[in-house]
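I have placed the structure first, in the form of structure tokens, so that the comments after it can refer back to it.
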Amino acid sequence: MQVQSKMTGSTPRNATTEADATSGYWSNSASNTLPPPDMTGPYMRFRPLPTAGVEKRRAHIIGSGIAGMAAAFYLIRDGHMPAANITVYESLPKEGGSLDGAGNAAEGYLIRGGREMNWNYDNFWDMFQEVPALELPEGFSVLDEYRLLNDADPNYSRARLMHQCGTIRDFSDFGLSKKHQWELLKLLLKRKEDLNDLTIEQYFSESFLETNFWFFWRSMFAFQNWHSLLEMKLYMHRFLDAIDGLNDMSALVFPKYNQYESFVLPLVTMLKAKGVQFVTQERIRDLEFSEVGEELTVTGLLYGDGERIEVADDDLVFALTGSMTEGSGYGDMDTVARSARGVHEPGPGSDWELWQNLARRSPRFGQPDKFVGDTDRSAWISATLTCSPSVLTEKFAELSVNDPYSGRTVTGGIITFTDSAWVMSVTLNRQPHFRDQPEDVLVAWVYALRIDVPGDFVSKPMRECTGRDILQELSYHLGLKDELQDIEASTKVRTAFMPYITAEFMPRAAGDRPRVVPDGCRNLALVGQFVETNNDVVFTMESSVRTARIGVYQLLGIPKRVADISPTQYDIRHLLKGARALNNGKPFPGERILHRLLDNTYFAHILPPLPEEEHAHSWKSELDQWLQNVKQKWSELEDKVHSLR
């Protein structure tokens with residue numbers, strides 16, 4: 001007999017479902033006996049009891065990307081819903097959403113993007129620790145496969161930045177002045193609500209935007225100068241523990257294959273085996289509601305030409321609010337990739353239509369036009385290179401950590417050309433990148449942030465370029481412009497124009513994105529990259545899984561919390577090594593005093609080791625300098641107070 005909790009399915013609210021570590025001071029007390037709001041680990045992985053009636057309820061999931069499939073996973077594992085009661089609707093012919101991987105060696109492979117992963121994606125790994133690996137014996141998970149691979153093959157880059165047509169540029173430090181460091185520190189201290197609608201270029205100095213740090217940051221995360229300052233702040237908190245590995249990519253872990261074969265294929269295989277139903281080539285364009293006061297209940301899914309899918313009163317609906325790869329257009333060696341959507345309006349038949357229709361109904365569903373209203377500021381182009389042996393593959397080998405054909409780390413992440421007008425980057429992940437890839441073929445991926453300016457070798461904007469043009473521009477920056485005939489004869493290029501690829505980074509304010517479960521919605525959760533969470537970032541698979549998990553727990557009334565982002569941002573060790581990294585690898589102000597206090601104590605190991613030549617440095621002079629700085633700041637503060645009087 002199945003044991004059930006007393007919590008009924010008619011109560012889709014659990015105020016503590018989405019934990020928020022920033023909501024106030026946390027301490028143990030008689031009134032607070034739960035773990036900290038950002039605690040993760042085995043203690044948090046308990047299995048809740050089924051809620052009443054869940055075995056008779058059904059779930060309709062709109063979108064088969066990582067968020068939609070995560071909703072199905074958590075409905076089954078933690079919600080105890082029968083898998084056969086779950087249906088996933090996908091507008092494309094194939095499951096996976098934005099996580100693609102297609103093509104072959106003869107026609108050329110195609111990947112719109114790739115995955116730079118982090119070890120503290122706690123929700124993502126929570127799910128994939130239970131998804132069976134496809135290439136390991138029974139009982140091993142995708143997480144097991146990932147750890148076995150990355151622990152044995154560490155990731156780092158030996159050519160993170162390049163310039164001057166093939167020359168590796170010094171990337172050993174961030175190139176930040178004291179002024180730049182202070183700008184970053186002040187951003188960390190700012191409150192989120194003070195950053196509504198502000199852009200990065202409105203806050204930072206022009207000289208900051210020319211530093212190594214900004215080249216590392218913008219190329220790795222795909223930020224533009226006009227993107228959201230708030231989102232950049234959230235990224236700094238989320239990845240503070242990794243900031244000292246930003247320059248050489250040593251903080252990253254990568255999958256064995258492309259994102260489709262590494263993650264989508266194992267997950268969809270498991271869900272189908274359990275009985276989840278997938279319906280492809282079916283775009284849900286609107287929802288039908290019954291409304292009682294401020295309470296909304298979904299009663300139907302609308303698709304096609306007025307066709308309708310019935311949603312029962314106890315059924316649940318999980319809907320993707322938008323897609324970063326919606327409206328993608330494709331090109332090849334001699335064809336220019338074109339956007340399938342308008343600059344200011346996606347138009348009918350897009351994956352944005354559902355969210356736009358919801359927003360017209362009520363402000364509780366946010367403002368999609370803030371994100372889709374200007375594709376000139378959210379688009380970029382990527383190109384996938386299928387490379388037979390040539391001088392190009394020889395150059396890749398020269399820049400790689402290991403032999404590119406060895407199956408081990410190749411470039412260790414993107415190589416960015418700092419003097420590229422397009423801000424072009426190229427990367428080769430572990431090869432083969434596709435399971436059916438021939439042994440003598442390499443697959444490389446290229447992307448650029450500035451697609452509206454002429455190239456440095458090709459005298460036209462990237463948005464007007466064929467795959468051949470992009471290959472020529474890349475070859476120029478690698479110092480191979482005299483070898484184009486050989487390179488073009490040995491390389492196939494397929495391109496993708498993605499009008500909304502960074503739409504999630506567009507400047508925003510509170511309320512522009514809906515909550516996972518909008519106020520008053522009894523049976524609807526919104527998932528993906530365009531919904532509001534307390535403190536997490538966007539443009540990661542982790543954030544998609546987080547939204548799905550929150551939605552499942554809230555709608556089913558499961559008495560279990562989704563932890564806030566990893567608390568590494570509060571760990572004094574990460575703060576100290578982050579301060580050292582931002583100070584270009586040199587001891588930061590006050591660091592020698594800390595060494596004087598903590599050296600030869602139990603806590604000595606938390607401090608970054610001083611450079612050998614620094615051991616003789618007088619701590620007294622460091623203290624004098626620190627006191628002088630304090631006096632100067634105090635004097636400035638007194639002047640400001642006096643002026644206010």
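Data for the structure
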quantity	calculated
Answer residue from the stretch 39-49, given it is of a type in the set (A, V, I, L, M) and assigned to a loop (DSSP other than H, G, I, E, B) and is least open to solvent (accessible area, probe 1.4 Å) among those	39
Selection within the stretch 116-163 - among the basic types (Lys, Arg), open to solvent by 10 Å² or more (accessible area, probe 1.4 Å) and touching a residue at least 40 places away in the same chain (Cβ under 8 Å)	158
Members of the stretch 50-88 found to be closer than 15 Å to residue 542 by Cα and either of a type in the set (A, V, I, L, M, F, W, C) or in a helix (DSSP H, G or I) (or both), listed by number	66, 67, 68, 69, 70, 71, 73, 74
Tally of residues being over 32 Å from the mean Cα position of the chain (by Cα) and assigned to a helix (DSSP H, G or I) across the stretch 568-604	9
Qualifying residues in the stretch 394-429 (those that are without any contact (Cβ under 8 Å) to a residue 60 or more places away in the chain and not in a loop (DSSP other than H, G, I, E, B)) - the one surrounded by the most Cβ atoms within 10 Å (Cβ to Cβ)	424
Selected residue [touching a strand residue (DSSP E or B) at 6+ places or on another chain (Cβ under 7 Å), among the small types (Gly, Ala, Ser), modelled with pLDDT under 95 and closer than 29 Å to residue 493 by Cβ] from 114, 97	114
Residue among 138, 95, 116 that alone is on the phi < 0 side of the Ramachandran plot and under 19 Å from the mean Cα position of the chain (by Cα)	116
Of the criteria (1) out of contact with any strand residue (DSSP E or B) (no Cβ under 7 Å at 6 or more places or on another chain); (2) open to solvent by less than 10 Å² (accessible area, probe 1.4 Å); (3) over 20 Å from residue 540 (Cα atoms), which one residue 109 fails	(1)
Pairs where the first residue, in the stretch 76-96, is basic (Lys, Arg) and the second is assigned to a loop (DSSP other than H, G, I, E, B), C-beta under 9 Å, 6+ apart	77/47; 77/130; 94/64; 94/100; 94/280
Any hit, the stretch 2-15, residues being open to solvent by 60 Å² or more (accessible area, probe 1.4 Å), within 28 Å of the chain's Cα centre (by Cα), at pLDDT below 95 and farther than 30 Å from residue 97 by Cβ	yes
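So that you can scan it fast, the table gives a plain yes or no per residue for (1) among the β-branched types (Val, Ile, Thr); (2) closer than 30 Å to residue 390 by Cα; (3) out of contact with any Asp or Glu (no Cβ under 6 Å at 6 or more places or on another chain); (4) at pLDDT 95 or above:
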| position | (1), (2), (3), (4) |
| --- | --- |
| 537 | yes, no, yes, yes |
| 553 | no, no, yes, yes |
| 557 | no, no, yes, yes |
| 567 | no, no, no, yes |
| 570 | no, no, yes, yes |
| 582 | no, no, yes, yes |
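Each row is one residue, and each column tells you yes or no for (1) charged (D, E, K, R); (2) in a helix (DSSP H, G or I); (3) within 26 Å of residue 256 (Cβ to Cβ).
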position	(1), (2), (3)
157	no, no, yes
171	no, no, no
185	no, yes, no
209	no, yes, no
215	no, yes, no
226	no, no, no
237	no, yes, no
241	yes, yes, yes
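The values are calculated or read from the model by the stated rules, or taken from the named source; none is laboratory data. These figures come from a predicted structure and were not determined experimentally. Methodologically, a virtual Cβ is constructed for each residue, glycine included, from the backbone with ideal geometry; neighbour enumeration extends over all protein chains shown. Ligands, DNA and RNA are stripped out before the accessible areas are found, and what is left, the full protein with its side chains, is counted by its heavy atoms. Shrake-Rupley method; radii C 1.70, N 1.55, O 1.52, S 1.80 Å.
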